[in-house]
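The values are calculated or read from the model by the stated rules, or taken from the named source; none is laboratory data. Note that the structure is predicted; figures quoted are calculated from it, not measured. In this analysis, Cβ positions are derived from the backbone assuming ideal geometry, glycine residues included, and neighbour counts consider all displayed protein chains. Remember, those area values only see protein heavy atoms, side chains included, never the ligands or the DNA or RNA. Shrake-Rupley method; radii C 1.70, N 1.55, O 1.52, S 1.80 Å.
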Amino acid sequence: MGTETYFKELVEGVNVEYALANLARKKGLDPVSKVEIPLAMSMAEKCVGLISTVYPQMGDEVGQKITKRLLDLEKEYGQLDPCVPLKIAEEVAKEKFCKFESLLQAIEAGLRIGFAYMTLGVVSSPIEGFTSIKLSKTKDGKEFFAVEYSGPVRSAGGTGAAYSLVIADYLRELFGYAKYDPTESEVRRFITEITDYHERINNLQYFPTEDEMIFLAKNIPVQISGEPSEDKEVSNYKDLPRIETNFIRGGMCLVFAEGLAQKAAKIWRMVKTAREKGFALSDWSFLEGYIELHKKREKGTKDIVATY
C-alpha cells in the first residue's frame, strides 16, 4: 500500500467513526450533543482548535477562517516566522474574525492564539500557563498590562514563554496602553521571589544573577505577574500595592528566569526579525544591554564566577 493511499484510508476511517460518534451524541444521553475533540490536519488547525476550547466563538466556521489566515501568513512571512504570531494576535484582538465580551478579552484571545502558534499547538501553556491580562495603574494613573502566568507555562519552553511577553507587549503598544513602571520595591520583589523559588521550591534551569534580575525587572515593558502557586510566602517585600499576593508565584518565576533571562539572545534575534518586517516593538532594545551583561557572566570576571 502506498503512503498516500494509507493516509487517505486513515482519514476516511476516522470520518466514519466521528460520524457514528456524533449520531450517538445526538441521542441526548451525554452532557454534550457533539464530539468535543476536534480533528486537526495541520499545525494551524491544532492552534485554533486548542484556543477554541476557551473561546467557543473561535470554533467551526470562524475557526476555519482563522486557520486559513494562519496558512496565508505562513506563505507571506515563512513557516514559524516570529511575525506570524504577532500578526494573528493583532487580527484576533481587533475582532476581525469574531466578537468578544470586551477589548481586554479580545487581547487575551489574541495573545493565546499567538502563544499557541509559538508552541505548535501541542501544549497546554496557551490556555493554562497563561491565565489572564490584568490592568494596573502607573504612578501617573495610566493603565499598563500585568500578564499573569501559572505553573503549566513550563510546558511552553523558555523561548515560547519569553516570546509570549513580546506578543503581549506588541498588543499593549498597538492599543495604546502604558509601559510598566516598576518601583524599587517591586524590582527587589522580583529578586527575592525568584531566589526563594530557586532555593525553597525548585531549582531553576537558569538562575540569573542579581544584576541580571535588576536589569530585566527595570526594563521589561509589561509586568510579569501570576497567581500564587506555592504555599510559602516570599521572605521579603510583602504587601506591595500592585502585587496581589505575598505567596510565591511559580509561573512568574519560570517566565522571568527560564524564559526571558535564559533566552534573551534568541528573543532579541526574533524581535529584530519582526522589526525588519514592519512590527514596532519599540521597547525591546534593552535586550542588547542585557545580552552584554549576560556575556560577562559567561566569561567570568574578578567579581563574577563564570557559568556553564
message = One residue is enough: does the range 168-191 have a residue meeting the conditions under 14 Å from the mean Cα position of the chain (by Cα), assigned to a strand (DSSP E or B), under 25 Å from Phe247 (Cα atoms) and not hydroxyl-bearing (Ser, Thr, Tyr)?
response = no
note = In the range 1-32, anything among the hydrophobic types (A, V, I, L, M, F, W, C), assigned to a helix (DSSP H, G or I) and open to solvent by 70 Å² or more (accessible area, probe 1.4 Å) is listed as Phe7, Leu10, Val16, Leu20, Leu23
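Residues are listed down the side, and each one gets a yes or a no for (1) more than 20 Å from Val122 (Cα to Cα); (2) in contact with a helix residue (DSSP H, G or I) (Cβ under 7 Å, 6 or more places away or on another chain):
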residue: Ser33; (1), (2): yes, yes
residue: Met41; (1), (2): no, no
residue: Glu45; (1), (2): no, yes
residue: Val54; (1), (2): no, yes
residue: Pro82; (1), (2): no, yes
ask   = Only one residue in Pro228, Pro152 is open to solvent by 10 Å² or more (accessible area, probe 1.4 Å), assigned to a helix (DSSP H, G or I) and touching a Ser or Thr at 6+ places or on another chain (Cβ under 8 Å). Which one?
value = Pro152
key: Selection count where residues are open to solvent by 40 Å² or more (accessible area, probe 1.4 Å) and modelled with pLDDT under 95, scope the range 78-94   = 2
key: Residue satisfying condition, being of a type in the set (D, E, K, R), over 23 Å from Ser282 (Cβ atoms) and modelled with pLDDT of 95 or more, within set Glu143, Glu227, Glu244, Glu148   = Glu148
task = Scan the range 44-71 for residues that are open to solvent by 50 Å² or more (accessible area, probe 1.4 Å) and part of a helix (DSSP H, G or I) and jot them down.
result = Glu45, Lys46, Pro56, Gln57, Asp60, Glu61, Gln64, Lys65, Lys68, Arg69, Leu71
query = Applying the selection to the range 155-200, what residues are open to solvent by 40 Å² or more (accessible area, probe 1.4 Å) and of a type in the set (Lys, Arg)?
reply = Lys179, Arg188, Arg200
Boolean, Leu39 is outside any helix (DSSP H, G or I), open to solvent by 70 Å² or more (accessible area, probe 1.4 Å) and on the phi < 0 side of the Ramachandran plot = yes
task = Find the residue count for the range 231-267, including only residues that are open to solvent by 20 Å² or more (accessible area, probe 1.4 Å) and either closer than 11 Å to Glu193 by Cα or of a type in the set (Phe, Trp, Tyr) (or both).
result = 8
